[in-house]
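Trainee: Below is a structure I'd like to ask you about.
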Amino acid sequence: MHRLLAAFAVAICMLAGAAGFDHARSQAEGWREIAWPFPRDGWPAGRAFRCASESCGGEIEVYVRPKAGFCNCDTGVADDEEVDRVADLDMISPRFVAREPGGVIKVAGMAGRIRAYDLDMADGTRHTAIGIAVSHRCDVLVAVAQGKGEASGVQRTALEFLATGVMTQWMISAMGG
């Protein structure tokens, strides 16, 4: 009888775990991790993701990484100019221009700023980018989303992806906690 109860308990736990895995996977439907596409710089490589056109209404890429010790410990990410400096936009294209003033945002429980940009790509095309910089203690986490769509769509899609449980958990862990 004890073996039967133990087997039943194990089966219940496995089903619950599988359901949780399917739920986490469905939250990021269409997204897949890709290799970090940028050359090495003074910071460790981050994580890069791509969402296919059919899943996200246009191909969108998101790049995320922490930068330890790269933030004002007292004010955090306080202004748009800081987003311009830290958000890795120049890794995608050195020719970027802010579309408008940014705004305050919270990602994975960390406060910071978000701003939309136009990027002139090396091949002559124009892309939209969304720069995000949030802080925890004296460290900053940056995320950049880029695609060919409208800024509002790229922003919405990127924020939905960053809000998935798997990404939130990784960002909190990457920032030490």
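Trainee: Determine whether residue 67 is within 30 Å of residue 29 (Cβ to Cβ), open to solvent by 60 Å² or more (accessible area, probe 1.4 Å) and touching a residue at least 60 places away in the same chain (Cβ under 8 Å).
Mentor: no
Trainee: Something else: Could you tell me whether residue 40 is out of contact with any strand residue (DSSP E or B) (no Cβ under 9 Å at 6 or more places or on another chain) and either part of a loop (DSSP other than H, G, I, E, B) or open to solvent by 30 Å² or more (accessible area, probe 1.4 Å) (or both)?
Mentor: Yes.
Trainee: Inspect segment 31-50 for any residue being touching a Gly at 6+ places or on another chain (Cβ under 6 Å) and at pLDDT below 95 and give the result as yes or no.
Mentor: no
Trainee: Also: For residue 26, work out the one condition from (1) surrounded by 17 or more Cβ atoms within 10 Å (Cβ to Cβ); (2) modelled with pLDDT under 75 it doesn't fulfil.
Mentor: All conditions pass for residue 26, except number (1).
Trainee: Within segment 115-153, how many residues turn out to be within 14 Å of residue 83 (Cβ to Cβ), among the β-branched types (Val, Ile, Thr) and without any contact (Cβ under 8 Å) to a residue 40 or more places away in the chain?
Mentor: 1
Trainee: Shifting gears a bit: Do you know which residues across segment 87-142 are of a type in the set (Gly, Ala, Ser), part of a strand (DSSP E or B) and open to solvent by less than 20 Å² (accessible area, probe 1.4 Å)?
Mentor: Passing the criteria: 112, 116, 129, 131, 133.
Trainee: Since residue 158 meets every condition but one in (1) touching a Pro at 6+ places or on another chain (Cβ under 9 Å); (2) open to solvent by less than 20 Å² (accessible area, probe 1.4 Å), which condition does it not meet?
Mentor: (1)
Trainee: Moving to a separate point now. Can you work out which of the residues in segment 51-64 that are modelled with pLDDT of 90 or more and in a loop (DSSP other than H, G, I, E, B) is most open to solvent (accessible area, probe 1.4 Å)?
Mentor: Looking at the filtered set, the residue picked out is 59.
The values are calculated or read from the model by the stated rules, or taken from the named source; none is laboratory data. Computed from a predicted structure; not experimentally measured. Glycine also receives a Cβ, built like all others from the backbone with ideal geometry; neighbour counts cover every protein chain displayed. The protein model used for the area step is the full one, side chains on, heavy atoms only, and it has no ligands, DNA or RNA in it. Shrake-Rupley method; radii C 1.70, N 1.55, O 1.52, S 1.80 Å.
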